[in-house]
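Take a look at the structure below.
The values are calculated or read from the model by the stated rules, or taken from the named source; none is laboratory data. These figures come from a predicted structure and were not determined experimentally. Note: ideal-geometry Cβ built from the backbone for every residue, glycine included; neighbour counts use all protein chains shown.
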Amino acid sequence: MPKVVIVGGGWAGCAAAVAAKKAGAEKVILFERADMLLGTGLVGGIMRNNGRWTAAEEAIAMGGGDLFQITDSVSRHKEIEFPGHKHASLYDVALIEPAIKRHVLEMGIDVRLTNRMTNIKLDGSKVAAVTTREHTGEEADVFVDCSGTAGPMNKCGKYGNGCVMCIYRCPTFGPRMSIVEKAGIKEIIGKKGDGSVGAMSGSCKLHKDSIREDIINELNTKGVVVVPVPKELVDEGKLGVKACQQYALKEFAENIILLDTGHAKLMAPFMPLEKLRRVPGFENARYEDPYAGGIGNSMRYMGMAPRDNHLKVDGLDNVFCGGEKAGLLVGHTEACVTGTLAGHNAVRYAQGAELLEIPETIAIGDAIAYVNTQMKNEVGRTKKYTFSGSVYFERMKEKNLYTTDLGVVRKRVEDAGLIDVFAKPVGVKA
C-alpha cells in the first residue's frame, strides 16, 4: 500500500490528505510550516457563493465533500447575499481549523506542524524524499505539492507594499518552500492586469470592538453590512490589484462591505487607516489581519506548477499539485477540489492505476482544464479564475454548468460515472 507525503497544510493540503487516505494510502503524512492548518482559511470564511455552490455539491456527489460539510457545520450565516454574490455561507474562522484538524487526525493522517520543508532528494525524474525542519529525509512513493504561491517577505516587498504581518507569519515560521521549485521545474508566474507580477490578497479583517455598535449588531444579525463611503474617499484604482477579481466591482469601492466570519471581514485588499477612520462608524477601526492592512496585503501567484489535467506536475513522475500551486484558481472551494483530485490521483499513480481526469461536463473538470490552457499564454496569466465570479463564473453560465439544483448536479456526476469516486479505495467498485 502506498505512502503519500503532502507539503502544505492549507485547504488544498488537507483535502489532498483526506482524499489520499480514502483512496487507500497506507500512510499519509501532512507537513505544515506553521502551527495551525488551513493557511488563509484561518482568516477567509466565504463558501458556496455563486458557482462555488455548484462545485461544492459536485465534490460531495463524487464523495470528496468532507471539508465542505465541515464548513457547513460551523457556518455563522447561510444563504446570504452581498453585491455580485448569492447564497453564500460564512464559516466561523475561530472554529474551522480545530474542526478540520480533528477530522484529519481521526482519519489516521500523520499531521506534522511547524515542519517546514527545506529540500528534496531527487532520483532522476522522481522525488525520493523531502527534508523538513525535523526530518533529514522523509521518503514516500508519491508527493503532493500544496505549498501555495504567497509570499515570502522579499516577494511582498518587491511586488507589493512590504510585509504586512499577515496570517502566513513568514518571519516566524519561515518562507514558503515548494517541491516543484526545489526540483528545478520552471514555475509559472501570475501577473496583474498591467503586466506586473503577482496579485494582492483581496480582503482584510477588522476588530469588531473597534467598529460602532449598531454596525456590528447588524453584521452579527444579518451576516453582511454595506456602509456607503463618502465620495471624496472612493478609490476604484485598488480594485485592479486584487487576486479575487470576483470582488472587483465598483460597489466594493463605493462602500465598506463587511461580512461576518467571526472577524468583521472588510472586502478590500487594503485601505489606509486614516481614510478608513473617516468613514462614519469606523472612527476607531483597527486591523486584525493583516496587521498593516492600512498599507497593503500579501502577494500571491508567485510560483505555480506546470501540470496536466490529472494535476500531475510536468517533468516529475511522482509529484502532483493542488490549490494555488495548481494554477490561477482563486479561493477555498477551488483549493479543496484541486487538492482532492491531486490526493486521489497520487494514490492511483502509486498503485499503477489509470489517473482520473474529471470531464468538462462537470464544472470542476472544466475549470481545471480551462485554467490549464489559460496559464500557457501571457494574457491568460493576467487573469484570475474562480467559480464565484469574473471570467470563469461567466464561462460556467455560458456552458450551463452553474446550477443550484441538487438533482441536476447529481445527474451530471452520475452520467460521468463518478458518483462516490473519491469515497472508496482505488480499484474498489461501487
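Taking the conditions exactly as written (at pLDDT 95 or above, surrounded by fewer than 21 Cβ atoms within 10 Å (Cβ to Cβ) and either under 29 Å from residue 150 (Cα atoms) or in contact with an Asp or Glu (Cβ under 7 Å, 6 or more places away or on another chain) (or both)), does residue 401 satisfy them or not?
In short, no.
Going residue by residue through the range 333-352, is there one that turns out to be assigned to a loop (DSSP other than H, G, I, E, B), more than 24 Å from residue 425 (Cβ to Cβ), of a type outside the set (S, T, N, Q) and more than 19 Å from the chain's Cα centre (by Cα)?
Taking every residue of the range 333-352 in turn, none turns out to be assigned to a loop (DSSP other than H, G, I, E, B), more than 24 Å from residue 425 (Cβ to Cβ), of a type outside the set (S, T, N, Q) and more than 19 Å from the chain's Cα centre (by Cα).
Okay, residues lined up against (1) acidic (Asp, Glu); (2) touching a residue at least 12 places away in the same chain (Cβ under 8 Å); (3) under 30 Å from residue 423 (Cα atoms):
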{"residue": "268", "(1), (2), (3)": "no, yes, no"}
{"residue": "277", "(1), (2), (3)": "no, no, no"}
{"residue": "288", "(1), (2), (3)": "yes, yes, no"}
{"residue": "302", "(1), (2), (3)": "no, yes, no"}
{"residue": "305", "(1), (2), (3)": "no, yes, yes"}
{"residue": "314", "(1), (2), (3)": "yes, yes, yes"}
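Give me a count of the residues in the range 152-188 that are over 20 Å from the mean Cα position of the chain (by Cα), farther than 25 Å from residue 382 by Cβ and among the aliphatic types (A, V, I, L, M).
Count: 1.
Of a type in the set (A, V, I, L, M), surrounded by 21 or more Cβ atoms within 10 Å (Cβ to Cβ) and closer than 18 Å to residue 222 by Cα - does that describe any residue in the range 51-68?
no
Among 393, 422, which is the only one that is in a loop (DSSP other than H, G, I, E, B), of a type in the set (Phe, Trp, Tyr) and over 23 Å from residue 302 (Cα atoms)?
Unique residue meeting the criteria: 422.
Considering only residues of the range 341-398 that are β-branched (Val, Ile, Thr) and free of Cβ contacts under 8 Å to residues at least 12 places away in the same chain, which is nearest to residue 146 (Cα to Cα)?
For the range 341-398, the residue satisfying everything is 373.
Tally time: how many residues in the range 199-229 are assigned to a loop (DSSP other than H, G, I, E, B), at pLDDT 95 or above and within 27 Å of the chain's Cα centre (by Cα)?
2
Can you tell me which residue among 364, 358, 368 is assigned to a loop (DSSP other than H, G, I, E, B), buried (at least 17 other Cβ atoms within 10 Å of the Cβ) and of a type outside the set (S, T, N, Q)?
358
Only one of (1) within 29 Å of residue 104 (Cα to Cα); (2) part of a loop (DSSP other than H, G, I, E, B); (3) touching a residue at least 24 places away in the same chain (Cβ under 8 Å); (4) not polar (S, T, N, Q) is not met by residue 401, so which one is it?
Exception for residue 401: condition (1).
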